[in-house]
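The values are calculated or read from the model by the stated rules, or taken from the named source; none is laboratory data. Computed from a prediction, not measured in an experiment: that's the story for all the values here. Because the Cβ atoms are built from the backbone with ideal geometry, glycine has one as well, and the counts that use them run over all protein chains shown.
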Amino acid sequence: MKPKGQKEKQLLAKNVRHLRRELGMSQEDLAFAAHIDRTYASQVERGVCNPSLEVLLALAKALNVKIIDLFKGL
């Protein structure tokens, strides 16, 4: 059995990676724009962390989307 929230974390990871690539951003660019560490951006994109609401809002802003767009397909 998968841990709780794993499906959601994987969807978030997929969407963040897709949106970042669509904008032609590197993980470093995204991290800088969202004011987070590059390694943390990598963890989000791999679905191995539980980002806070503050981080989700920062990522959405950096990617020029609404926070709900980070969870499209849920």
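Screening residue 25 with (1) surrounded by 14 or more Cβ atoms within 10 Å (Cβ to Cβ); (2) in a helix (DSSP H, G or I) gives one miss only, at (2).
Of all residue pairs spaced 6 or more apart or on separate chains, those with beta-carbon atoms under 7 Å, a first member in the range 29-57 that is in contact (Cβ under 8 Å) with a residue 12 or more places away in the chain and at positive phi and a second member that is assigned to a helix (DSSP H, G or I) and not polar (S, T, N, Q) are 35/58; 47/9; 47/12; 47/13. Is at least one residue of the range 42-53 surrounded by fewer than 17 Cβ atoms within 10 Å (Cβ to Cβ), at pLDDT 95 or above and touching an Asp or Glu at 6+ places or on another chain (Cβ under 6 Å)? Checked the range 42-53: no residue is surrounded by fewer than 17 Cβ atoms within 10 Å (Cβ to Cβ), at pLDDT 95 or above and touching an Asp or Glu at 6+ places or on another chain (Cβ under 6 Å).
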